[in-house]
Amino acid sequence: MIDKNLPDEELFSSYSLIYDVSDYFMATEWNNETPNNPKLYNFFDALNESNLKKLIVAFADEWVENTTVKIESMNFDCVKSRLNNAYVWCFGYRNLAKNTESRDDFHPLVLELERN
C-alpha cells in the first residue's frame, strides 16, 4: 500500500493512506466522480476474504507518552463506511492516562475489527 520506500532513518507515515481515503470521499460525495477505490479499501476487502477473526488497525503517526487515541470496535464489513466520512480523522479522542476526551485531528485512530 505504500508507494515509496523510506530511508531507514525516516519514520513510517500513514498520511498517504489517510489522504487517499479523504480524496476518495471528496471525489465521490462532493464532486460526484468515480475514482478508483483507495488502496486501504482494497486491503480491507482482502482481509474480509481471509480467515482472520479479529484485527486491530491503528493509524498512528504520533505516538508519544501522552498521546490520546480514538478506539472503536466494529465488524469487518462496516470499516469502509466508517472511514468514508469527511470527519473521520477529527472526532473526539480519549487520553487513556487521564480518562479525558478532546477533539482534535492529530491523534491516532484505532479500529478493532471483528468478523460477524
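The values are calculated or read from the model by the stated rules, or taken from the named source; none is laboratory data. Bear in mind that the values here come from a model prediction, so they are computed numbers and not experimental data. Note that each Cβ is placed from the backbone with ideal geometry, even for glycine, and that neighbours are counted across all protein chains shown.
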* **Answer from Asn48, Asn75 - the residue that is surrounded by 15 or more Cβ atoms within 10 Å (Cβ to Cβ) and either at pLDDT 65 or above or of a type in the set (A, V, I, L, M) (or both)** => Asn48
* Asked: Counting only residues that are in a loop (DSSP other than H, G, I, E, B) and either surrounded by 10 or more Cβ atoms within 10 Å (Cβ to Cβ) or modelled with pLDDT of 80 or more (or both), how many does the stretch 51-72 have?
  -> 9
